[in-house]
1. Please verify whether the stretch 60-75 includes one or more residues that are more than 22 Å from the chain's Cα centre (by Cα) and at pLDDT 95 or above.
2. I'd like to verify a number: residues in the stretch 200-210 that are among the charged types (D, E, K, R) and surrounded by 17 or more Cβ atoms within 10 Å (Cβ to Cβ), how many?
3. Report, ordered by the first and then the second residue, all pairs with beta carbons closer than 7 Å, sequence separation of six or more or different chains, a first member in the stretch 54-82 that is part of a helix (DSSP H, G or I), and a second member that is at pLDDT below 95 and of a type in the set (V, I, T).
4. Out of the residues in the stretch 211-236 meeting the condition of being out of contact with any Leu (no Cβ under 7 Å at 6 or more places or on another chain), acidic (D, E) and touching a residue at least 12 places away in the same chain (Cβ under 8 Å), tell me which one is surrounded by the fewest Cβ atoms within 10 Å (Cβ to Cβ).
5. Just one of V54, V40 is in contact with a Lys or Arg (Cβ under 6 Å, 6 or more places away or on another chain) and either surrounded by 14 or more Cβ atoms within 10 Å (Cβ to Cβ) or at pLDDT 85 or above (or both); which is it?
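The values are calculated or read from the model by the stated rules, or taken from the named source; none is laboratory data. Treat the numbers as computed from the prediction; the structure is a model and nothing was measured. Here the Cβ is made from the backbone with ideal geometry for all residues, glycine too, and neighbour counts use every protein chain on show.
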Amino acid sequence: MSSAPGQLELDLSAPVEKLEPAARPSLTAPDDVGMIDQPVRDKRYRFTALGRVVADYLSWKEIEDGAAARTLDQYERDLARLCLHHPRLELEELAVDEYRLVIASFPPRSRKRATAVFRDFSRWLYQEGRADHDVMGRVRYPRAKRQSAIDVFSEAECVRLLQQPDRDRALIRLLLEAGLRKGEARRLQLRDVDVEQSRLLILEGKGGKDRVIPIAPDLVEELLGLAIRDGIGPDDHLWYATRMNQASTTLHRERPIGEATFARWWRTCCERARVSYRNPHVCRHTFATRWLRDGGRMDTLAKALGHSSIRTTVDLYAHLATEDVAADLARVMAARESRLRNQSVPQTRMDKREEAPSGFEPLYGALQAPA
C-alpha cells in the first residue's frame, strides 16, 4: 500500500514488541529500618509490596468513608509501619501473624488503636474482594492495663495557673473548664464561641465528630473582653503566635498555631505559675475529675469530652483519685475510732437503772394492796 507524499508509512505486519511493566524501586534493609520511626515523611512506604493497596484503601477511606484529615494521617502512619516492617511481603502472604508482629512494635498505649486500624484495613480487603477472608476479623483488642489513678491538677495548682495575664488566663480557663484536646484548642476560633447560649462549638474534633460544650457565662465575657482588647475577628484563632523584632512584638491568629508553639506557650504558663510541668492533656483529666466530683453524670461527661463510647469514659475516669482515697480513709478511720470509744464505755447495770414510769403503776399497786 503506497502512502501519500509527506505521510508516515507504517508496517502493520511487523510483530509488536511486548512492553514490560516498570520495575518497583527496591528498598535496602537500612532504608526499611530507618523509615519506621518516621514512616510517612517521604511516602517511600508506597514503594513496598503493600504500598499500592494501602494507598487505595486510604483513598477509599477519604472519599467514600468520609474520614477526617487527622484520622487519615494516623491511619497512614500505622499502615506505613505495616508496609515497612514487611517491605517485600505480597498481599496474598499477609497473615494474622504479620499483623501481630507489627502491633507488638507499637508502644503499649498505642496497640489498641493500631489493632483497630488493621482490623478496618483487613475488613476492607475482604469486602473489596482483594482477600479471601477477613484475616483480622477474629483478632481481639489488646487488654490495656487499667490505670489506678489519673494525674490531675490540685485546686491550689489550678488557682496558680489562673494567675496569668488576662490574655493567657482566658485560654487556661478554656483548657480547665471545657476539657479541650490540644488539637481542638489550637484550631478554636472566635466564631466557635456561642455568646448567646454560653457554649463552645467544637467542629471536626477527634474522629471528625462535632460537639457542644457548655461554659460559664463569665468565661464568655472574659473571651469577649480579650477579643476587644486584641482585635480578634470571627475567623481569628484564640491561641496566638508571636513574632518579635527589635522594634515590636506582634500577635498572629490568622492560622492555627503549630504544636511546638503551643508547647512553648504551655510551658511558659506552667513556669509563670510555679506549677510542675505536666502534659496539657492533664487539664482535660482535671476537667473530667471535677465534673464527677461535683455530681456530674458519666454519660453527660462522655458527651462533653467527645468520646465515641461511654466505655472509654468509664475506663478512664471511673476511679478515685489519690486524694479522694486519702479523704475516704480518714473518714472511715474516724468512724471506726468513734465506734470503738463507744464500745469501751462501761454500761450501767439494768437493776440499778431508774426505770421510767409505765403508766400502769396505780393499777399494779392496787392489785398488790392487801384486801
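1. First pass over the stretch 60-75, keeping only residues more than 22 Å from the chain's Cα centre (by Cα): 60, 63-64.
If we keep only those that are at pLDDT 95 or above as well, we get 60.
Within the stretch 60-75, one or more residues are more than 22 Å from the chain's Cα centre (by Cα) and at pLDDT 95 or above.
2. So in the stretch 200-210, the residues among the charged types (D, E, K, R) come out as 204, 206, 209-210.
Add one more test, that the residue is surrounded by 17 or more Cβ atoms within 10 Å (Cβ to Cβ), and what stays is 206.
Final tally of qualifying residues: 1.
3. The qualifying pairs are E76/V40; R77/V40; A80/V40; R81/I36.
4. Per the criteria, the residue is D235.
5. Details: V54 fails: in contact with a Lys or Arg (Cβ under 6 Å, 6 or more places away or on another chain).
Sole residue among the options that is in contact with a Lys or Arg (Cβ under 6 Å, 6 or more places away or on another chain) and either surrounded by 14 or more Cβ atoms within 10 Å (Cβ to Cβ) or at pLDDT 85 or above (or both): V40.
Results for (1) closer than 30 Å to F106 by Cα; (2) in the same structural domain as V282 (by TED's automatic domain parsing); (3) aliphatic (A, V, I, L, M), shown as yes or no for each residue.
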| position | (1), (2), (3) |
| --- | --- |
| D134 | yes, no, no |
| R138 | yes, no, no |
| R143 | yes, no, no |
| I150 | yes, no, yes |
| Q163 | no, yes, no |
| E177 | no, yes, no |
| L190 | no, yes, yes |
| R199 | no, yes, no |
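Results for (1) closer than 22 Å to Q197 by Cβ; (2) over 17 Å from the mean Cα position of the chain (by Cα); (3) part of a helix (DSSP H, G or I); (4) of a type in the set (V, I, T), shown as yes or no for each residue.
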site: E221; (1), (2), (3), (4): yes, yes, yes, no
site: G225; (1), (2), (3), (4): yes, yes, yes, no
site: P234; (1), (2), (3), (4): yes, yes, no, no
site: A247; (1), (2), (3), (4): no, yes, no, no
site: I257; (1), (2), (3), (4): no, yes, no, yes
site: T261; (1), (2), (3), (4): no, yes, yes, yes
site: N279; (1), (2), (3), (4): no, no, no, no
site: L292; (1), (2), (3), (4): no, yes, yes, no
